[in-house]
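S.K.: Here it is: the structure, laid out below.
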Amino acid sequence: MVSDMDIKLEKLTDLQLAKRMSDYIATLQSITVRAEYYSLGQCPEKERKELNADYVRVRDSIREDLNYLNYNKDKKGSRLLWDKYYPSVNEAAAWGLYADPEGRLDKEYFKSVAIAEEKLTKYYSFDYWQIIAEL
């Protein structure tokens with residue numbers, strides 16, 4: 001598997017970018033559903049570790065994308081990359097996913113995930129990202 005550090009975002013097609021964004025959003029939605037369920041009662045250790053790993057993976061991937069794009073601002077790549085993808089990951093990295101992944105599943109945890117999802121869908125909805133990914 002290719003690590004995120006090996007991916008040249010400006011070389012991705014719009015379909016690949018949209019798939020990447022759709023995966024981020026779907027993961028955040030999954031984190032929210034699972035965390036809500038686990039917050040209602042006991043959470044098995046294995047499931048909590050998986051939840052934490054997903055949170056850290058999506059948080060770090062979004063931040064890596066942003067860092068990569070910030071250091072490669074020569075505007076190579078598609079308009080989708082620079083007009084929709086870049087501002088979305090920029091805002092999600094700046095405002096969302098700030099909670100401690102191993103902390104309590106409390107209001108701040110849910111807020112940090114919700115803000116990240118909101119920022120990733122600010123310019124295009126999840127449905128629209130999925131449509132682009134399927135073209």
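S.K.: Answer yes or no: is there a residue in the stretch 122-133 that is part of a loop (DSSP other than H, G, I, E, B), over 28 Å from Leu12 (Cβ atoms) and open to solvent by 90 Å² or more (accessible area, probe 1.4 Å).
M.R.: No; the residues of the stretch 122-133 include none that is part of a loop (DSSP other than H, G, I, E, B), over 28 Å from Leu12 (Cβ atoms) and open to solvent by 90 Å² or more (accessible area, probe 1.4 Å).
S.K.: A further question follows. Residue pairs, Cβ under 6 Å, 6 or more apart or interchain, first in the stretch 119-133 and closer than 14 Å to Leu28 by Cα, second open to solvent by 40 Å² or more (accessible area, probe 1.4 Å) and part of a helix (DSSP H, G or I). List them.
M.R.: Lys119/Trp95
S.K.: Further question: Taking the criterion of being surrounded by fewer than 17 Cβ atoms within 10 Å (Cβ to Cβ) and within 20 Å of Tyr98 (Cβ to Cβ), would at least one residue in the stretch 11-24 satisfy it?
M.R.: The answer is no; no qualifying residue exists.
S.K.: Something else now. Just checking, how many residues over the stretch 83-117 are more than 20 Å from Asn52 (Cα to Cα), charged (D, E, K, R) and open to solvent by 40 Å² or more (accessible area, probe 1.4 Å)?
M.R.: Number satisfying all stated conditions: 2.
S.K.: While we're on this one: Between Val89, Val58, Val33, which is farther than 20 Å from Glu134 by Cβ, at pLDDT 95 or above and in contact with a Phe, Trp or Tyr (Cβ under 7 Å, 6 or more places away or on another chain)?
M.R.: Matching residue, one of Val89, Val58, Val33: Val58.
S.K.: Search the stretch 65-82 for residues being under 16 Å from Gln16 (Cβ atoms) and either free of Cβ contacts under 8 Å to residues at least 24 places away in the same chain or not hydrophobic (A, V, I, L, M, F, W, C) (or both), and hand back the single one that is surrounded by the fewest Cβ atoms within 10 Å (Cβ to Cβ).
M.R.: Out of the qualifying residues, it is Arg79.
S.K.: If you don't mind, another one. Please go through the stretch 36-64 and pick out each residue that is of a type in the set (Gly, Ala, Ser), part of a helix (DSSP H, G or I) and surrounded by fewer than 17 Cβ atoms within 10 Å (Cβ to Cβ).
M.R.: Ser39, Ala53
S.K.: Of the residues that make up the stretch 83-98, is at least one farther than 15 Å from Lys119 by Cα and either without any contact (Cβ under 8 Å) to a residue 12 or more places away in the chain or not in a loop (DSSP other than H, G, I, E, B) (or both)?
M.R.: Checked the stretch 83-98: no residue is farther than 15 Å from Lys119 by Cα and either without any contact (Cβ under 8 Å) to a residue 12 or more places away in the chain or not in a loop (DSSP other than H, G, I, E, B) (or both).
The values are calculated or read from the model by the stated rules, or taken from the named source; none is laboratory data. The shown structure was predicted, so the numbers you read here are calculated from the model rather than taken from an experiment. Neighbour counts are summed over all protein chains in view; Cβ atoms, including those assigned to glycine, are modelled from backbone coordinates with ideal geometry. In case anyone asks, the SASA skips ligands and DNA or RNA and just uses the protein heavy atoms, side chains included. Shrake-Rupley method; radii C 1.70, N 1.55, O 1.52, S 1.80 Å.
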